[in-house]
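**Q** Okay, here's the structure, questions in a sec.
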Amino acid sequence: VAYRDEGNSNYGVACVGTVSGTSISFGSEHTFRSTSVFSVSIGFDQSAGAAVVAYRNSSGGQCNVLTVSGTSVSSGSTVTFNSASSTTNNNVVYDSSAQKTVIVYSDAGVGTAIVGTVSGTSISFGSEVVFNSAVSQMGAVFDSYLNTVVIAYRNDDGSTNGQFTTGTVSGTSISFSGTKTTFSSFEPTDTRLSFDSSTNKVVAAYRKGDGDYDNYSAVLTPGGSVSNLTSENYIGMSRGFTSPAVNGTKTTFDSNAIKSELTGSVYDPDTGKIIICYVRGSDSNGLAVVGTVDGATLSFGTPVVFNAAATEHTAITYDTSNDKVVIVYKDAGNSNYGTSIVGTVSGTSISFGSEVVFNSRNTQWTQATFDTNAGKVVVSYQDTGGTSDGKANVGTVSGTSISFGSQATFASTNASYVAATYDANAQKHVMCYRDNSASSHGKAIVGTVSGTDITFGSAATFNSANTSDIHNTFESTNNKVIIAYKDGGDSDKANAVVGTVSGTSISFGSEAVINSASTQQPKPVYNSVQQKLIFEYELSGNGLYYRTATVSGTSIADVSDEVTLASGFNALVTNFVYNPTADSAVVAFMDGGDSNKGNAIAFTLDSRAELANGQAASIDIIGSVSDNQGGLTAGQQYFVQTDGTISTTAGSPSVLAGTAISATELVVKT
C-alpha cells in the first residue's frame, strides 16, 4: 500500500499487508519519498517481481521501484518521468503481455502515457505519448483479453463528458487507437477501472459531478472485440432513436428590471450548473445567479451581489483547475477600473472573495477565458484610459482570490467589441476585435500564455468591412475557432468564419451567411454531444432565434432553417451558453416585453442515440443516404470500425461504410 502520509509532512509512505483468512495485518511503514507528494498510484510489475509507485511533487511526476521482503518494503532511487509540477491523475498499469509498466497521467491537463521498463531497483522510460488534449478524473487498467491499456477520463475540451480510449504497448512506446468512445453523457468524477477476466470486460465506477455525486458504473467494450464484422454482414447505417427539438418557456432569474449592459454566462463542469452575471437596473450593482438545467427546463437560485457599486461590461469564465468562477467587469464605482472577483458555487448559490483590480484605468469590453494547459485565467479588454488599445493580463486563482501578471498589448489601436475564446487543441487564446483605426474591420490575434505572461502573434483580418457584435467559440471536433459577427459591409447580416490556429497565427476560410436579415448579437456555441454549432441571435424588437450549422474543412456548412425561440418583444443584452450535462443551450436576456426582467430560455436540438439491445431500428441500407452523421468530409470514403464507429482509415477487416456527400450525409456502401 502506498499513500501520502499527512501525519508525516505529507511524505510518500508504503507498507506491506499480509492477508490471513478475512483479515489483514501490516508491517512497518517505509518512506519512499521524503518530500510532500500528491496523486499517489501503485502497480505491481510481475516480470520484475517489484512494485512501481508514481506520484507528483515539486519536481514533477516521479516514481520509485519498491521491493518487498517478508513484511518489509524498500525503495530504489527516484526517477522522473515528467518534469512538469502540474502532473496529476497518475495511474500505474502493468501490461502483462508486453511485460512493461505504463504510467498514465495528466500533464497540465493533457492526457499522457509513458512506458517504463523495470530493471532491478530502478526504472527507465520511453517517450511520452499524448492520447487527449484536455483530460481530468482518469482511471486506467490493462485488458488482458485484448492486450490493451484502457483509459477512461473526463473530456475537458469543452464537453466534459466521460470518454475512454485504448493504447497498445510495443517496445518502450505506446500507440493509441484514435477511437474515443463516450461512456457517460454527464461529467464523471473519481473514475476507477477494473478488468473482469471472467467476462473479459472493463468496468468503470464513477461519481456524477453535478453536485449530487450519485455513484454510477458502466461496462466498457473497447474496439477489437467484434468478430462478426464482414463486408457481407454490413447492411447499412442505423438511424438510431430520435428525440425532437424542444424549446423551453421563459424562466425568470431576476424579477427586478436588469440593465441594458453587457452580461455573461458560463458552464460549471464540476456541478453541472450554469452561472449568469448581469447588472441590476435599479442601482447598477453586479449580480450573479446559479441555474440548473434539465433538458429544456430551467430553475434558478437566489441572485448574489458581487459588486455593490455601478457595474458595466461583465464577463465570466470557469477555472477547472481550482473549481472556481471568475467574473471580470468595469467597476464604475471605482474610477471605471478593470476589476475581477472569484466565485465559489455551492448547490444553487454562489459566494465571492474580494475584488481585485487588473487595470487601474478606464476599462471596457472585458472578456475572460481559461487556459486548461497553463491553469490560468486570461482577461482581455479595451484600455480606454489611454489610447483605447487592446490589452490582456494573465490571472492566477488561489483560494478565493486572484492575482495578475503584467499587462500585454494585443492591439496597438482603438480596439472595441472584444471577444475571446480558448483553442484547447492548439493551447492558444484567440482575441477578436473591431479595429476602429482601420475602417472598423474585424481582426483576430493569437495569444500564448507562459507563466503569468501572455505574448501575441500578428493580427489577421477576418472581415474587411465594418464589423460589430463580435462573438467567438471553439469547435472541438475539428479544432476550429468560430467567429460570428454583424457585417456592416453586407447589410448588417449575421455572418461567420472558421479560423484555424497554427503556431501563433490564425487563418480563415470563406465567410458564410448565418442570417440574411439585419441581425443583432449573433452568438455561437458548440454542441459537442451532437457536433453542431448553434448560432443564437436577435432581430430588433422581434425576439430570439437560432440556426444550427457544421464545420466542413475551413467553411461553415449545413446552415439550418431559422428556429424561433420567442418572438414579439425586444430582447437585449443576451448571453448564450451550452450545458453538455443536459445537452441543452441556454440564452439569458433582458426581456423588454416583461418589464425588463432577467429571463432565460433553455432549448434542445433534435438528437439521435444508440439503440438498446432488442429495440427496433430503422436502417439506411445500401444506396440510400444516411443523413444523421456529423463531421464528415464531402467526397471522402469512410470505413466501419470494430467498435461500430466509422473512420477514414480501413479497419481489419476492411469494410466500406460509404462515401460522404456533405458533413452530415453518407451514401451507404458506395
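**Q** Could you let me know the centre-to-centre spacing of region 573-598 and region 351-376, using Cα atoms, in angstrom?
**A** 23 Å
**Q** Once you have a ≥ b ≥ c as the square roots of the Cα gyration tensor eigenvalues for region 257-605, tell me rounded if a/c is under 1.5, and otherwise prolate or oblate according to whether a/b is larger than b/c.
**A** Details: a/c = 1.29, a/b = 1.04, b/c = 1.24.
Judged from the Cα gyration tensor, region 257-605 comes out rounded (a/c under 1.5).
**Q** Quote the FRET efficiency, to the nearest 0.05, computed for VAL667 versus GLN99 with a Förster distance R0 of 60 Å and r equal to the Cβ-Cβ distance. Can you show the working numbers first?
**A** Numbers: r = 47 Å, r/R0 = 0.78.
Computed FRET efficiency for VAL667 and GLN99 comes out at 0.80.
**Q** Just report the Cα centroid separation between region 36-55 and region 443-488, whole Å.
**A** Measuring centre to centre over Cα atoms gives 44 Å.
**Q** Amide H neighbours of GLY447 under 5 Å, counting only residues 5+ apart in sequence or on other chains, H built in-plane at 1.01 Å?
**A** Residues meeting the criterion, in which the H sits 1.01 Å from N, are HIS429, VAL430, MET431.
**Q** Among [x] 44.5; [y] 26.5; [z] 29.6, find the value of Kirkwood radius over Cα pairs in Å that was calculated from the structure presented, and write down its label.
**A** Of the labelled values, this structure produces [y].
**Q** Now, a different point. If you take the beta carbon distance between LYS201 and SER437 as r and set R0 to 60 Å, what does 1/(1 + (r/R0)^6) give as a FRET efficiency, to the nearest 0.05?
**A** Details: r = 62 Å, r/R0 = 1.04.
Rounded to the nearest 0.05, the efficiency is 0.45.
**Q** Hey, can you grab everything whose amide H is under 5 Å from the amide H of ILE661? Only 5+ residues off in sequence or another chain; H modelled, so Pro and N-termini drop out.
**A** Amide H to amide H, under 5 Å and 5 or more residues apart or across chains, ILE661 pairs with GLY635, LEU666, VAL667.
**Q** Further, regarding this structure: Scan around LYS259 for amide H atoms under 5 Å from its own, H built in the peptide plane at 1.01 Å from N, and keep only partners 5 or more places away or cross-chain.
**A** The list, which skips near neighbours in sequence, is VAL279, ARG280, GLY281.
**Q** Continuing with the same structure: What does the extension gain come out to for VAL19 and SER77, with contour length at 0.36 nm per residue minus their alpha carbon separation? Don't jump to the answer; show the numbers that get you there.
**A** Details: separation 58, 0.36 × 58 = 20.88 nm, distance 2.85 nm.
Here the answer is 18.0 nm.
**Q** Something else now. Whole-Hz Karplus ³J(HN,Hα) for region 324-338, in order, using 6.51 cos²θ - 1.76 cosθ + 1.60 and θ = phi - 60°, x for Gly and Pro?
**A** For region 324-338, the Karplus curve yields 10, 8, 10, 10, 10, 6, 8, 8, 5, x, 9, 6, 6, 5, x Hz.
**Q** In whole Hz and in residue order, list the ³J(HN,Hα) couplings for region 509-523 that follow from phi through the Karplus curve 6.51 cos²θ - 1.76 cosθ + 1.60, θ = phi - 60°; x for Gly and Pro.
**A** Result, ordered by residue: x, 6, 5, 10, 8, 8, 9, 7, 8, 4, 10, 10, 6, x, 10 Hz.
**Q** Among the listed pairs LYS208/LYS259; LYS180/LYS669; LYS100/LYS428, give every one whose C-alpha distance is greater than 27 Å. Could the numbers behind the result be given before it?
**A** Working: LYS208/LYS259 36 Å; LYS180/LYS669 24 Å; LYS100/LYS428 35 Å.
Over 27 Å apart, Cα to Cα: LYS208/LYS259; LYS100/LYS428.
**Q** Further question: Using the count of nearby Cβ atoms within 10 Å as a rough guide to exposure, how do SER255, SER86 rank from fewest to most?
**A** Working: SER255 11, SER86 17.
Lowest count first: SER255, SER86.
**Q** If the only charges are +1 at each Lys and Arg Cβ and -1 at each Asp and Glu Cβ, what is the size of the charge dipole of region 257-605 around the Cα centre, to the nearest 20 debye?
**A** 360 debye
**Q** Indicate the gyration tensor shape class of region 2-220 (rounded, prolate or oblate), computed on the Cα atoms with a ≥ b ≥ c the square roots of the eigenvalues: a/c under 1.5 is rounded; otherwise a/b larger than b/c is prolate and the rest oblate.
**A** Details: a/c = 1.41, a/b = 1.38, b/c = 1.02.
Rounded, since a/c falls under 1.5.
**Q** I've got another one for you. Contact order normalised by length for the chain, with contacts defined as Cα pairs under 8 Å and 6 or more residues apart; what percent is it?
**A** On the way: 2048 pairs, mean separation 58.0, N = 670.
Value for the chain: 9 percent.
**Q** From the Cα gyration tensor of region 316-384, with a ≥ b ≥ c the square roots of its eigenvalues, which class applies: rounded if a/c is under 1.5, or else prolate if a/b is larger than b/c, or else oblate? Please list the in-between numbers first.
**A** Values: a/c = 2.64, a/b = 1.44, b/c = 1.83.
Cα axes put region 316-384 in the oblate bin.
**Q** Using a basic spin-label model with each label point 7 Å from the Cα along Cα→Cβ, how many nm lie between ASP453 and SER59?
**A** Modelled inter-label distance: 2.8 nm.
**Q** Note down the magnitude of the dipole of the chain about its Cα centre, charges +1 on Lys and Arg C-beta and -1 on Asp and Glu C-beta and zero elsewhere, to the nearest 20 debye.
**A** Values: 32 positive and 54 negative charges, 131 e Å.
Here the chain has a charge dipole of around 640 debye.
**Q** Which Cα, out of VAL290, VAL501, THR121, lies furthest along the positive dipole direction of the chain (beta carbon charges, K/R +1, D/E -1)?
**A** Sorting the options by dipole projection puts first THR121.
**Q** Would you be so kind as to identify which of SER194, TYR278, VAL73 lies farthest towards the positive end of the dipole of the chain, taking Lys and Arg as +1 and Asp and Glu as -1 on Cβ and the Cα centre as origin?
**A** Positive-most Cα among the choices belongs to VAL73.
**Q** With labels modelled as points extended 7 Å from the Cα through the Cβ direction, what inter-label distance (nm, one decimal) is found for THR504 paired with SER238?
**A** Reported label-point gap for THR504 and SER238 is 4.9 nm.
**Q** What list do you get for TYR145, TYR11 if you sort them by fewest beta carbons within 10 Å?
**A** On the way: TYR145 16, TYR11 19.
Fewest-to-most ranking of TYR145, TYR11: TYR145, TYR11.
Laboratory data are not the source of any read-out in this text; all were calculated from the coordinates shown. The shown structure was predicted, so the numbers you read here are calculated from the model rather than taken from an experiment. For neighbour counting, all protein chains shown are included, and Cβ atoms are generated from backbone atoms with ideal geometry for every residue, glycine included.
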